Structures are given as structure tokens and as C-alpha cells.
């Protein structure tokens with residue numbers, strides 16, 4: 001850690017445990033579609049548009065409903081959509097808080113407003129933190145930035161706005177694709193496999 005001057009954390013799979021298959025199974029209750037591993041769903045334009053703030057929550061769920069023939073109202077679909085969000089271990093929150101006392105820390109997440117509201121609810125219910133904002137210097141969310149990982153522009157924005165030295169900044173993510181995008185901006189990277197690893201295995205001091 002002594003070689004780094006700043007840290008950037010992904011959210012899903014790094015701070016909060018997630019299982020996207022749970023959302024796929026929940027949505028399949030309301031349609032004849034089989035989403036499989038989720039490639040068909042996540043590659044659809046509405047997914048990216050929602051994640052980058054180009055469409056509202058109302059439009060997203062209406063489009064989701066119409067595109068996949070989902071027989072459910074918006075509130076029911078929101079519950080299904082949020083099923084992937086699991087738990088936030090207190091140990092991770094404590095570690096990030098400790099690291100934030102020594103380094104400028106940031107969150108950079110591909111997410112949407114619906115998921116973020118639920119993540120904050122889980123954080124308050126399961127840990128001693130009241131918001132993600134209090135844990136880091138600044139959280140960055142794709143739907144507020146109008147861009148998403150692994151686009152190089154999203155990493156560059158964080159670097160530029162905070163005058164970071166990319167070569168001395170560590171970006172932590174569970175997606176190899178997102179790490180490849182970060183490397184193009186010269187960020188240092190750390191891959192976490194959430195099935196077998198966590199930030200506790202690498203960032204303890």
C-alpha cells in the first residue's frame with residue numbers, strides 16, 4: 001500500500017455482495033423469457049441507458065416491462081430488480097473508513113438510482129455507516145456521470161477532477177473488463193474475485 005497515494009473502489013462485488021442471477025430468476029417469474037446468464041438482458045440498450053442516466057426510472061421499468069413482456073407493476077419489478085443486492089459486511093466498511101484516514105478514497109460504480117437507494121438502505125441496516133458518502137472523499141456513479149466503465153473517459157474524469165497521479169492510484173474492481181479500461185488511463189489495478197476473495201485479503205495494513 002505504501003506505493004499508492006489514492007484508492008478507487010468499485011461498489012458491487014467489492015463493497016456490497018451481489019448475485020445478478022437472483023435478479024434474473026426474479027424477473028423470469030413474470031415472463032416467458034429465459035435470461036440465461038444475463039447477457040441478453042444486460043446488453044440491451046435500455047440497461048446501458050439507465051446506467052448512464054439517459055432514461056429515468058419510470059421509463060426504464062416501462063421499457064423493461066414492454067421489451068420482455070413482464071406481467072408485473074413497477075413496484076414489483078423494483079423488488080425483483082433489487083434482488084441481486086445482498087449484504088455489506090461491517091468489516092469492509094471499517095477497512096474503507098480506516099484507509100480513508102490515510103489515503104484519498106473514492107467509489108466508482110456502474111449503477112443506477114434504483115439500486116443506489118437500496119444499497120444505501122442495506123448499508124444503514126447492516127453497518128454503522130449512514131451513507132457511502134461518509135466513507136470516501138467522493139463517490140462517483142455512472143448514472144450521474146453519463147458514462148460507464150470500461151469507457152476510459154469515466155476513469156479520466158475521476159483522475160482529472162481530483163488531480164490524481166494515475167500511476168500512483170489503485171483501482172479495485174471485480175470485472176477484468178473494467179480493469180482493462182482503467183489500465184488505459186495508467187491506473188494501477190487490483191482484481192478481486194468475490195467468490196473467493198475480498199478487499200480484506202489485500203488491503204489490510
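FYI, it's all coordinate maths here, none of it is from the lab. Just so we're clear, the structure is a prediction, and the values are computed from it rather than from any experiment. When we count neighbours, we look across all protein chains shown, and the Cβ atoms used for this are built from the backbone with ideal geometry, even at glycine.
By count of other Cβ within 10 Å, fewest leading, how are 103, 155 ordered?
With the sparsest Cβ surroundings first, the list reads 103, 155.
Could you list 18, 122 in order of exposure, starting from the residue whose Cβ has the fewest other Cβ atoms within 10 Å?
Least to most surrounded, the residues fall as 122, 18.
Compute the helix-to-body angle for 152-161: its Cα long axis versus the longest principal axis of the chain, expressed 0 to 90° and rounded to tens.
In the chain, helix 152-161 runs at an angle near 50 degrees to the longest axis.
Which whole-number percent is the relative contact order of segment 135-205 (Cα, under 8 Å, 6+ apart)?
The value is 25 percent.
Given the DSSP H assignment, sum -39500 (n - 2.57) over each helix run of at least 4 residues in the chain and divide by its residue total; what's the result at 222 nm in deg cm²/dmol, nearest 500?
It lands at -12000 deg cm²/dmol.
Using r as the Cβ-Cβ distance of residue 121 and residue 152, and R0 as 35 Å, what FRET efficiency do you calculate, to the nearest 0.05?
Given R0 = 35 Å and the Cβ-Cβ separation, E is 0.60.
Highest GNM mean-square fluctuation, the chain, Cα pairs closer than 10 Å: which of 129, 72, 166?
Comparing 129, 72, 166 in the GNM, the peak value goes to 72.
Read through the labelled values (1) 176; (2) 145; (3) 111 and report the label of the one computed as volume of the Cα convex hull per residue in Å³ from the structure.
Read-out from the structure maps to (3).
How much length is gained on full extension from residue 42 to residue 183, taking 0.36 nm per residue of separation minus their Cα-Cα distance?
Here the answer is 48.4 nm.
Choose one answer from 161, 144, 134: the residue with the largest mean-square fluctuation in a GNM of the chain with alpha-carbon springs under 10 Å.
161
Compute the relative contact order of the chain as a whole-number percentage, counting only Cα pairs closer than 8 Å that sit 6 or more residues apart in sequence.
The value is 28 percent.
Would segment 95-205 count as rounded, prolate or oblate if I go by the C-alpha gyration tensor, calling it rounded below 1.5 in a/c and otherwise prolate when a/b exceeds b/c, oblate otherwise?
Rounded is the answer for segment 95-205, as its axis ratio a/c remains below 1.5.
Taking the chain as a Gaussian network, where each spring joins two C-alpha atoms under 10 Å apart, which residue of 186, 115, 44 fluctuates the most?
Maximum among the listed residues: 44.
Simple spin-label model, 7 Å along Cα-to-Cβ: residue 168 to residue 202 in nm?
2.1
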